[in-house]
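The structure under discussion appears below in the form of structure tokens.
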Amino acid sequence: MLLHRVFLHDPSAAPGQSGHATYLHKPQGAIRWDNPSLYDAWYLAAAAEGAVGETFGNLATWSTDMLEHPTGLQRAIATFSTPDDLSLFDFDDAGNLQRVGMRPSQVVIRNKAFTQGKAAALFAETQDDGDRRWAGVSWWSFHRPTWRNVMLWGTSARPAPLSLQNVETLTLASTGVVEAARALTRPLS
């Protein structure tokens, strides 16, 4: 399975360092599924346009300014591969919602205390052999419900199962940008 994330790219950054696709900004704790005392949260999207849309969806007009950072770094999109049989708790499954006592609206509404609690409980679930039951969670995008978001957890003992495949510097002509702008009816200028 391929997953995507938008990040600030420094072409000279080493793996795991700020500016590299494999760098995870810290501290964490401000986003809906975060639990930094338990795991690192890797937020990704199943489609490149979904990663772009999640990053820039709140902007009314899209321009080159959104792709450039005041530090001089440029936004890029990283494509990672992960095992196809990765076990994700899918919040877009009615049976799963019932299992954890949630309504669909509780997935969409940004109530961090609530969703972080649900993520912590899922992270703690194990199989009979003691391995974690879930590698992370998936849900639909706030901006476009057909886009699937994924959050994988990683720890020092078991990093998130991601293998970097490609990095593309974003421009207004990038396929992911064009497709996300079209889907969200955002003008490109």
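Since every read-out is calculated from the coordinates, none of them should be taken as a lab result. The structure displayed is predicted, hence computed values, not measured ones. In this analysis, Cβ positions are derived from the backbone assuming ideal geometry, glycine residues included, and neighbour counts consider all displayed protein chains.
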Fill in the blank from the handout: When (1) more than 16 Å from the chain's Cα centre (by Cα); (2) under 16 Å from G53 (Cβ atoms); (3) among the basic types (K, R) are applied to K118, the one that fails is (2)
Exercise for the section: Please verify whether segment 21-33 includes one or more residues that are farther than 29 Å from L188 by Cβ and buried (at least 22 other Cβ atoms within 10 Å of the Cβ). Expected result: yes
Handout entry: Counted residues, segment 1-56 - those being within 14 Å of V167 (Cβ to Cβ), out of contact with any Leu (no Cβ under 8 Å at 6 or more places or on another chain) and among the hydrophobic types (A, V, I, L, M, F, W, C)
Key = 5
Practice task
Taking the residues in segment 155-177 that are β-branched (V, I, T) and assigned to a helix (DSSP H, G or I) as candidates, determine which candidate is surrounded by the fewest Cβ atoms within 10 Å (Cβ to Cβ).
Solution key: T175
Practice task
Would you point out the residue of segment 127-145, among those that are within 19 Å of D40 (Cβ to Cβ) and touching a Lys or Arg at 6+ places or on another chain (Cβ under 8 Å), that is surrounded by the fewest Cβ atoms within 10 Å (Cβ to Cβ)?
Solution key: R132
Exercise for the section: Only one of these is touching a residue at least 12 places away in the same chain (Cβ under 8 Å) and in contact with an Asp or Glu (Cβ under 6 Å, 6 or more places away or on another chain): S163, S138. Name it. Expected result: S138
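Quick grid of which residues meet (1) among the small types (G, A, S); (2) crowded, with 17+ Cβ neighbours inside 10 Å:
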{"position": "E68", "(1), (2)": "no, no"}
{"position": "R103", "(1), (2)": "no, no"}
{"position": "A120", "(1), (2)": "yes, no"}
{"position": "W147", "(1), (2)": "no, yes"}
{"position": "W153", "(1), (2)": "no, yes"}
Practice task
Can you confirm whether segment 130-145 contains a residue that is of a type in the set (D, E) and farther than 26 Å from S37 by Cβ?
Solution key: no
